[in-house]
Every structure is written in C-alpha cells, then in structure tokens.
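One structure below.
The values are calculated or read from the model by the stated rules, or taken from the named source; none is laboratory data. The structure presented is a predicted model; accordingly, all values stated were derived computationally and were not measured. Ideal geometry is used to build each Cβ from the backbone, glycine not excepted, and the neighbour counts take in all protein chains shown.
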C-alpha cells in the first residue's frame, strides 16, 4: 500500500460545519459542494480560486448537477430542484413518506442520468434506511433497504456497479446496476473496513474503476482496488474527512471535503483547518460526473 502524507494542500480555507459531496463540473471547471449544517452551497472556480456561496432553503445532504441547469438535491424535506444562481427552488416529494425517524443523506447521479440517494436512521441504531432512485420523470423508487447510515454512493465507470457504504458496520457494499431499468441486484460486501481507522463516508471512482473512500474520524482517504483491498491512502491534517471527488482540467486532482462537526474546542485547536477544502494530485484521472436528466 502506498501512503501519501505530503502534497496535500488547502485550496479553500472554509469553516464548514459538515462539508460534503464535492462534485466536479467539467463544463465550467468548477467544484461544487455543500455544508449541510450551515446550510450552504459552495462553488470553487479552480482557475481563479474564487469561492461563491449560497444559502439554500433547506439543508442539502447531497446533490447532482442537472442537464437543464442547477442542481437536484436530497434535503431534509425530500428531493428538490434548486438553482442557486437563479434563486429557484422546487420541492418534488419526500420519498420517506412521512417517516421522521430517517433522513436523506449521500447521493449521486448514475451514467443514465438518474439520481440516487440513501437514508439513515437518525439514531444510528436500526437498519431502517433505504437507497432511493429518482428517475428523470421525478418519480422515486426504493431500490434497496436494510441500511443504518447510507454513505459513499458511487457508480463504476461502465455504469454496471453501484457502491454504497453502510457507515455504522463500516461495510462498503456493491450492487449490480441494470442500466436500462435501474434495478439493483446481487448485493455483496465489497470491502469490510471495520479494522481501519474511522468510518467510510463519501466516495468516488477513478478511470480504472478503483474506489476512493473518505474516512470520517480517520483523517484519510483510501483507494480501494477492484477486489476491495486498500492500495493507497492519503493522510490529511484533519480527522473528519467527509468526501472526495476527482476534478481539475485533466481530472487528476483529488478534492477532499472536511468538517468540524462535534469536535471539542481542544480538537478544533489541534485541527485549525477542520472544515476546509483540500486537494492532492492523483496519478489516475477520474471520470466525468454525469448529470441528472430530470
């Protein structure tokens, strides 16, 4: 395994309570991400270093870029369409059907332009969460269940495999994803990370199909090979690394979000950059992030 503890830079001195789900926009050369608890949507212009921020009308736990402009989001109130620059917000529906014991969490668009988002048990005790698929017609389907804390939704480069972590047991699962129907099948454990520091959080894939997984409370991002083994780790100066995305002009910059959520005053003193956005060069490029077609 290759360990990298140098070369990580802070590219945006943010103070995100819970920075999450960075998404690279290849069309504009910008990185988008959310601070769930502020709440805020951020956009970094990678060329200039300028960061723009907006306050959404709901806490945004995850989102994807839309083909029609703006974002599709998974928030506290459910699925919605949000255009920060235009100031428009349209609530679609809440797939939980009034179940207040769970809330939407991590999500991502697949290669066919559908949006996936999982739910989590608010008390982190019961496997009552689901993985929902939001189709282009704005209708949603519960495609998987039995999840306590859904995280790290990622899609293989060929679109045939969906990854999703259940952070509570520290397991990363893989599903076969039917490109035409969107159905999931053949659930299996891709990686048992229970012996590793922290818990699996947000994730992304690179062009070789390897999975990059952030480790919340682990202070690192891991690169998993196709067999689930860890082949590389990036060490960060903060403990609560939340998610990652490959971007930049050549898709060879690994961006990493972080949080100071529930850190003690002493821990924040020891980690003054907690909540910032970090980056490190990657040897293998990412893949262009798909957009939601609805």
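Data table
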item	result
Residue match in segment 139-151 (condition: under 16 Å from the mean Cα position of the chain (by Cα), in a loop (DSSP other than H, G, I, E, B), at pLDDT 95 or above and at negative phi)	no
Within segment 154-172, considering residues that are within 26 Å of residue 259 (Cα to Cα) and over 15 Å from the mean Cα position of the chain (by Cα), the one surrounded by the fewest Cβ atoms within 10 Å (Cβ to Cβ)	169
Residue within segment 49-58 that is crowded, with 19+ Cβ neighbours inside 10 Å and either within 26 Å of residue 29 (Cβ to Cβ) or under 18 Å from the mean Cα position of the chain (by Cα) (or both) present	yes
Inter-residue pairs, beta-carbon under 6 Å, first touching a residue at least 24 places away in the same chain (Cβ under 8 Å) and in segment 43-58, second part of a loop (DSSP other than H, G, I, E, B) and surrounded by 13 or more Cβ atoms within 10 Å (Cβ to Cβ), 6+ apart	46/29; 54/84; 56/39; 58/76; 58/77
Some residue of segment 209-226 being at pLDDT 95 or above, surrounded by fewer than 16 Cβ atoms within 10 Å (Cβ to Cβ) and assigned to a strand (DSSP E or B)	no
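Residue by residue, here is whether (1) modelled with pLDDT under 95; (2) surrounded by fewer than 14 Cβ atoms within 10 Å (Cβ to Cβ); (3) more than 17 Å from residue 31 (Cβ to Cβ); (4) touching a strand residue (DSSP E or B) at 6+ places or on another chain (Cβ under 6 Å) holds:
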site: 47; (1), (2), (3), (4): no, yes, no, no
site: 61; (1), (2), (3), (4): no, no, yes, yes
site: 71; (1), (2), (3), (4): no, no, no, yes
site: 75; (1), (2), (3), (4): no, no, yes, yes
site: 79; (1), (2), (3), (4): no, no, yes, yes
site: 84; (1), (2), (3), (4): no, no, no, yes
site: 90; (1), (2), (3), (4): no, yes, yes, yes
site: 100; (1), (2), (3), (4): yes, yes, yes, no
site: 105; (1), (2), (3), (4): no, no, yes, yes
